[in-house]
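The values are calculated or read from the model by the stated rules, or taken from the named source; none is laboratory data. All values reported here derive from a predicted model rather than from experimental measurement. Backbone-built Cβ (ideal geometry, glycine too); neighbour counts: all protein chains shown.
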């Protein structure tokens, strides 16, 4: 089946994570994503990841994670020839994504207003740490910086350990998803009216607005958000508990779930205790309740309790490591991981995760492995009408 974005051409000028993650989502939906990279070095993520061998080969694990399904062309946008090629590419593109600091594309002569002259229907998406204006606009965008400024770190961890960084680049990832969502919406209007758009994605704002309950508790209720570790601020018992072996998350947020939980544990007396009789009382006495529940959970392991609780309508799940969840029957049954047996420049099969949703018309997923740096340059130039002689001239000029 053709993807939902089949026939859409995307120019991806981005580096590292937020922008490339956005482009990866679009590629999985069938868009033709052309990654425009700097000759010789390319996306910085090519040198990042846990395997030094892959980093030296310019195919770092961080790059492989979100660039499958894309083509790669190398262009020196500081050269006259490179800019000329880029303008020709842009004239036939539907979408452009970049995550340079504000003003960089304008200084190259390739800003949004210049590109609109040659491609008025272009959807131009600029992803930055703080947006295109405001006092922080010129600051570099790093995930941990955004996590700290957004308030995320202030509510992560326990009162003793906070502020803590979330254990993966959550601000980068949210920024990329926000950009993909905005681009998809702009493409809908473009399809109806032929109208282009300029999209200004701020990682800070994108992250901030996902903190809905924490934000509303302060803006509306006047309650300052605070770190609560693995506890749920809205209910108890709802959090992470020790069992006889392993940790388990339990979300007995409703009264009937709490009563079912203590019944399954053989601890019906907890439901009769006035300290735990209703939601508000349990929240006030959550620490004592937590300890009481853990005494009974010690009778068996996390896997056993997760099965028992879910069977009886009490939401629960084991706390797993990354390797464990990737081998979990649920993930395997949903075919979340895609394997490429042969990838140019890589000495082993490459496994990547797909999109976080499925489609009745055909599931999204990358149609090709992550590209070696510049591997598609000559093919793309030929498609644009460049002759072998003109390509050789561009190479001599170091434009490609």
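For every residue, the table says whether it meets (1) outside the structural domain of residue 39 (by TED's automatic domain parsing); (2) at pLDDT below 95.
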residue	(1), (2)
304	yes, no
309	yes, no
328	yes, no
365	no, yes
371	no, no
374	no, no
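Does the stretch 192-224 hold any residues that are within 16 Å of the chain's Cα centre (by Cα) and either in a loop (DSSP other than H, G, I, E, B) or surrounded by 14 or more Cβ atoms within 10 Å (Cβ to Cβ) (or both), and which are they?
Hits for the stretch 192-224 are 201, 202, 203, 204, 205, 206, 207, 208, 210, 211.
Among the residues of the stretch 325-373, those identified as touching a strand residue (DSSP E or B) at 6+ places or on another chain (Cβ under 8 Å), closer than 30 Å to residue 230 by Cβ and part of a loop (DSSP other than H, G, I, E, B) are 336, 354.
Restricting attention to the stretch 269-286, does a residue exist that is assigned by TED's automatic domain parsing to the domain that holds residue 244, modelled with pLDDT of 95 or more and under 15 Å from residue 248 (Cβ atoms)? Scanning the stretch 269-286 turns up no residue that is assigned by TED's automatic domain parsing to the domain that holds residue 244, modelled with pLDDT of 95 or more and under 15 Å from residue 248 (Cβ atoms). The single residue among 186, 179, 141, 126 that is crowded, with 21+ Cβ neighbours inside 10 Å, touching a strand residue (DSSP E or B) at 6+ places or on another chain (Cβ under 7 Å), assigned by TED's automatic domain parsing to the domain that holds residue 66 and at pLDDT below 95 turns out to be 141. Being free of Cβ contacts under 8 Å to residues at least 60 places away in the same chain and either farther than 25 Å from residue 189 by Cα or assigned by TED's automatic domain parsing to the domain that holds residue 345 (or both) holds for only one residue in 64, 87, and it is 87.
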